[in-house]
Amino acid sequence: MLRHKDRIARMTLEEKIQLCSGASTWTTKAMPQHGIPSLFLADGPHGLRKQVSEQGDHLGIHASQPATCFPTASAVASTWDLDLVREMGEALGKEAVQQGINVLLGPGVNMKRNPLCGRNFEYFSEDPYLAGKMAAAWIQGVQSQGVGVSLKHFALNNQELHRMSTDVLVDERALREYYLPAFEIAVQEAQPTTIMCAYNKVEGTYCSDHRRLLTEILREEWGFDGVVVTDWGAMNDRVAAFRAGCDLEMPGSKGRFDEQVRQAVQRGELDEAAIDACVDRILTLIERTTGADPAALPPDLYERHHQLARKVAAAGAVLLKNDGPLLPLAPDASVAVIGELARTPRYQGAGSSQVVPTRLESLLDGVRQYVPAVPFAPGYTLKDEPNEALVEEAVRLARRVETVILCIGLTPAYEGEGFDRPHMR
């Protein structure tokens, strides 16, 4: 049963086809003649990446508006705290309302099947139960503010290498016990407004064309009643996608698919009812994500959220061993900080989730709140080039103190969207 039967009946076939593809990188089409506004979709999931210039992109290349940069999903999952994750989701929803965003593209619940995956920082866990429960809490928080989400990337998008052409072959038990449960938990507990289909193929069929995934499993088995949107540029065959239950193509193909779809309907190869169903779900999405009032938000919103981000980061930190006990350090301890990442922090991965933070405090900034004159040596560069002079300087500093706070990690060259790490070194 269509929820918007009368409005759909007033639309032409061409208008209905057009509504099912984006108007720009981040917006859907408005049709004022039918009372249909445009929606603004923006990247997440650990902060907003709203781009307002004409140089919008889905790879984190061009600038975006500042927003609170919360810890990435890899750190958030280490909190094991659903209430805190829900509170983080509420904060993200409020910022989305403040910035005029209707749908926040997240969270990501793909399994960390391989530790080399370049996008693991953006996924919660290698455990499907933990990932599903975290995602459900995050979704509940965001959607409590009248903002939509996009659970992603459905499905089996577990590597970045060749992600747009990979064909994933999987047996039914692995599919049901490992790759799908996080999606299933999130759908059944939180009913996300949208789900984003992945780039890859599954058993020879692209996810955008995959009726078994998008209709039989997602809608008929799990009861999902929202919109299926493509990952950006993931549409393969628009006629097959309509049959499969893929509602919204983003960012749109500038009408390239529209004529193919129209002719398929006229030839009897595509039932117009399949298009009507997609339009109906898009109209429902508009109803669910356009009622929030930014005037109701507090003026110190971002300061509050900065403190919440700090709380989440602390809750997600993992102390492997307190030997001695070494920690907490005494206020008068003989301490030095070593490592360029202490001064220039790596607090998120590269790619579509890259946030421009409203505030940024490094580890070195934090230590200097307690020991203003704490000595520091970079020890290395972030260009992955050996520098013996920096190493020798760090060694000399380490010899002068009793305790070294050593800050090490990966540079952007090793971890980001679109590529996998070549090794574990």
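The values are calculated or read from the model by the stated rules, or taken from the named source; none is laboratory data. Given the structure is predicted, the values throughout are model-derived calculations rather than measurements. Counting neighbours? That spans all protein chains shown, and the Cβs are built from the backbone with ideal geometry, glycine included.
What are the pairs, 6+ residues apart or on separate chains, where a residue within the stretch 258-276 that is within 20 Å of Lys29 (Cα to Cα) and not assigned by TED's automatic domain parsing to the domain that holds Lys16 has its Cβ under 8 Å from a residue that is modelled with pLDDT under 95 and crowded, with 18+ Cβ neighbours inside 10 Å?
Going by the 8 Å Cβ cut-off, there are no qualifying pairs.
Can you name every residue in the stretch 151-205 that is part of a strand (DSSP E or B), free of Cβ contacts under 8 Å to residues at least 40 places away in the same chain and more than 16 Å from Met111 (Cβ to Cβ)? Let's see the steps before the verdict.
At the first step, the residues of the stretch 151-205 found to be part of a strand (DSSP E or B) are 151-154, 167-168, 194-197, 201-202, 205.
With the extra rule that they be free of Cβ contacts under 8 Å to residues at least 40 places away in the same chain, the set shrinks to 167-168, 201, 205.
Once the filter is applied, which keeps residues that are part of a strand (DSSP E or B), free of Cβ contacts under 8 Å to residues at least 40 places away in the same chain and more than 16 Å from Met111 (Cβ to Cβ), the stretch 151-205 yields Asp167, Lys201, Thr205.
Considering the stretch 225-254 alone, what residues qualify as being over 20 Å from the mean Cα position of the chain (by Cα), outside any loop (DSSP other than H, G, I, E, B) and closer than 16 Å to Val202 by Cα?
Ala240, Ala241, Ala244
Identify all residues within the stretch 390-416 that are at pLDDT below 90 and either closer than 10 Å to Ala377 by Cβ or not aromatic (Phe, Trp, Tyr) (or both); write none if there are none.
Our first condition is that a residue be at pLDDT below 90; within the stretch 390-416, this holds for 410-416.
Residues satisfying the conditions are Leu410, Thr411, Pro412, Ala413, Glu415, Gly416.
Within the stretch 128-137, is even one residue of a type outside the set (Gly, Ala, Ser), surrounded by 24 or more Cβ atoms within 10 Å (Cβ to Cβ) and modelled with pLDDT of 95 or more? Break it down into steps so the answer makes sense when it comes.
At the first step, the residues of the stretch 128-137 found to be of a type outside the set (Gly, Ala, Ser) are 128-130, 133-134.
Filter again for surrounded by 24 or more Cβ atoms within 10 Å (Cβ to Cβ), leaving 134.
Next, from what is left, pick out any that are modelled with pLDDT of 95 or more: 134.
Yes - at least one qualifying residue is present in the stretch 128-137.
Which count do you get for residues in the stretch 113-127 that are assigned to a loop (DSSP other than H, G, I, E, B) and buried (at least 19 other Cβ atoms within 10 Å of the Cβ)?
Final tally of qualifying residues: 5.
Among the residues of the stretch 150-171, is any small (Gly, Ala, Ser), more than 18 Å from Val76 (Cβ to Cβ) and not assigned by TED's automatic domain parsing to the domain that holds Ser352?
Pass one, the stretch 150-171, residues small (Gly, Ala, Ser): 150, 155, 165.
From what is left, the residues that are more than 18 Å from Val76 (Cβ to Cβ) are 155, 165.
Pick out the ones that are also not assigned by TED's automatic domain parsing to the domain that holds Ser352 and you get 155, 165.
For the stretch 150-171, residues small (Gly, Ala, Ser), more than 18 Å from Val76 (Cβ to Cβ) and not assigned by TED's automatic domain parsing to the domain that holds Ser352: present.
Would you check if Glu287 is surrounded by fewer than 17 Cβ atoms within 10 Å (Cβ to Cβ), at pLDDT 95 or above and under 30 Å from Tyr199 (Cα atoms)?
Spelling it out, Glu287 is indeed surrounded by fewer than 17 Cβ atoms within 10 Å (Cβ to Cβ), at pLDDT 95 or above and under 30 Å from Tyr199 (Cα atoms).
Out of the stretch 157-172, which residues are among the hydroxyl-bearing types (Ser, Thr, Tyr) and within 18 Å of the chain's Cα centre (by Cα)? Outline the logic, then answer.
Within the stretch 157-172, the subset among the hydroxyl-bearing types (Ser, Thr, Tyr) is 165-166.
Of everything in the stretch 157-172, nothing turns out to be among the hydroxyl-bearing types (Ser, Thr, Tyr) and within 18 Å of the chain's Cα centre (by Cα).
Here are some residues: Ser74, Ser64. Which one is hydroxyl-bearing (Ser, Thr, Tyr) and either part of a helix (DSSP H, G or I) or in the same structural domain as Gly351 (by TED's automatic domain parsing) (or both)?
Working: Ser64 fails: either part of a helix (DSSP H, G or I) or in the same structural domain as Gly351 (by TED's automatic domain parsing) (or both).
From the options Ser74, Ser64, the qualifying one is Ser74.
Could you say whether any residue in the stretch 52-73 is crowded, with 17+ Cβ neighbours inside 10 Å, touching a Phe, Trp or Tyr at 6+ places or on another chain (Cβ under 9 Å), among the aliphatic types (A, V, I, L, M) and under 22 Å from Phe242 (Cβ atoms)?
Checked against the condition, which is being crowded, with 17+ Cβ neighbours inside 10 Å, touching a Phe, Trp or Tyr at 6+ places or on another chain (Cβ under 9 Å), among the aliphatic types (A, V, I, L, M) and under 22 Å from Phe242 (Cβ atoms), the stretch 52-73 yields no hits at all.
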